[in-house]
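Chemist: Encoded as C-alpha cells, here's the structure I'll be asking about.
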Amino acid sequence: MLSDRAVTWIVFAAVLYLVLFVGGVGLIAMVSGAGGDPDDPVLVARGAVLYGEHCAACHGTNLEGQPNWETRNADGTFPAPPADETGHAWEHSDRQLFEVVRFGGGRFSRPGVKSAMPSFADELESADIWAILAFIKSRWPEEVRKEQRTRGLFSGPHLH
Ligand code: HEC
C-alpha cells in the first residue's frame, strides 16, 4: 500500500502538472493569438450572419471583394480585396487579421497608402470578430487553411 505521504505527493504532482499544462496551453494561445476555429459550426454560423451585416458591403456577399481590387483608386486607397482564397487575407496570422478588423487597415498600411478598411472596435466585441474570422476561414480550402496556420505573429505586416 502507498503511504499517506506518497499519496499526498502524487496528488500534488498531478495538480501541479495540470496547472502547468493548462497554463502553458493558455499562454501559447495568447501569444500566438490563435482563435476563430473554422471547424466550429456554431461559431461559423454566427460569423456568417455578422459578416453579412458588417463586411459584405465591401468584401462581397460571396467573399469575392470589389472589382479590380489590385488597382489603386484615385484617392490613394485600394478597393476591398476578396476574403476568400483568391485574396491575400490568408497570408496573415490570426492575430493580425483580428487586429486589422479591430483597429482598421491604417495600422498596417505601407507609408503613402491610405486604407479604406474601417475599424470595428466600437461595433464588434472580440468574440464577434473571432466568429467572423472563423466563418471566413471556413470558406478556404484545406491547403490554404494549413498554410495560414504557419503564418507567425509578424508575417505579412503590410496589407499591400
Ligand atoms: C468600407 C469598406 C470595408 C468594410 C465595410 C470592411 N472592409 Fe475589410 N478591407 C477593406 C479594404 C479597402 C481593405 C484593403 C486593405 C487596405 O487597403 O488597407 C480591407 C482589408 C481587410 C482585411 C485584410 C486582409 C486583406 O485581404 O488585405 C481583412 C482581414 C478585412 N478587411 C476584414 C474585414 C471584415 C471582417 C469586415 C467586417 C467586419 C470588413 N473587412 C469590412 C474595406 C472594407
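Only the coordinates and a few stated rules stand behind these numbers; no lab work does. A quick note: this is a predicted structure, and the numbers were derived from the prediction, not measured. Every residue, glycine among them, receives a Cβ derived from its backbone with ideal geometry; neighbour counts consider all protein chains shown.
Chemist: Compare A48, A13, A56 in a GNM of the chain, Cα atoms joined below 10 Å, and give the one with the largest fluctuation.
Modeler: Among A48, A13, A56, the largest mean-square fluctuation in the Gaussian network model of the chain belongs to A13.
Chemist: Turning to a different aspect of this structure: Quick check on the exposure proxy: order S126, S3, S138 from fewest to most C-beta atoms within 10 angstrom.
Modeler: By the 10 Å Cβ count, ascending: S3, S126, S138.
Chemist: Which FRET efficiency value, to the nearest 0.05, is calculated for A45 and E142 with the Förster distance at 22 angstrom and r the Cβ-Cβ distance?
Modeler: Here the calculated transfer efficiency is 0.65.
Chemist: If you put +1 on each Lys and Arg Cβ and -1 on each Asp and Glu Cβ, how big is the dipole of the chain around its Cα centre, in Debye rounded to 20?
Modeler: 460 debye
Chemist: Which length gain, in nm to one decimal place, applies between R149 and F12 when the Cα-Cα distance is subtracted from 0.36 nm times their residue separation?
Modeler: 45.7 nm
Chemist: In whole angstrom, and with the biggest value first, how far do the Cα coordinates of the stretch 32-158 range along each principal axis?
Modeler: Projected onto the principal axes, the Cα atoms of the stretch 32-158 cover 41, 29, 28 Å.
Chemist: Still on this structure, please answer the following. Can you run phi through the Karplus equation (6.51, -1.76, 1.60; θ = phi - 60°) for the stretch 8-15 and list ³J(HN,Hα) in whole Hz, with x for Gly and Pro?
Modeler: Each residue's phi maps through the Karplus curve to give 4, 5, 5, 4, 4, 5, 5, 5 Hz.
Chemist: Here's something else I'd like to know. Expressed in nm to one decimal, what extension gain is obtained for the pair N62 and T86 from 0.36 nm per residue of sequence separation less their Cα-Cα distance?
Modeler: So the extension gain works out to 7.5 nm.
Chemist: Then there's this: Skipping prolines and chain starts, which residues have an amide H placed within reach, meaning under 5 Å, of the one on G60, given they are 5 or more residues away or on another chain?
Modeler: The list, which skips near neighbours in sequence, is G65.
Chemist: Residue by residue, what Karplus-based ³J(HN,Hα) values in Hz, rounded to whole numbers, does the stretch 117-124 have, using 6.51, -1.76 and 1.60 with θ = phi - 60° and x for Gly and Pro?
Modeler: Rounded to whole hertz, the list is 7, x, 8, 10, 4, 8, 9, 10.
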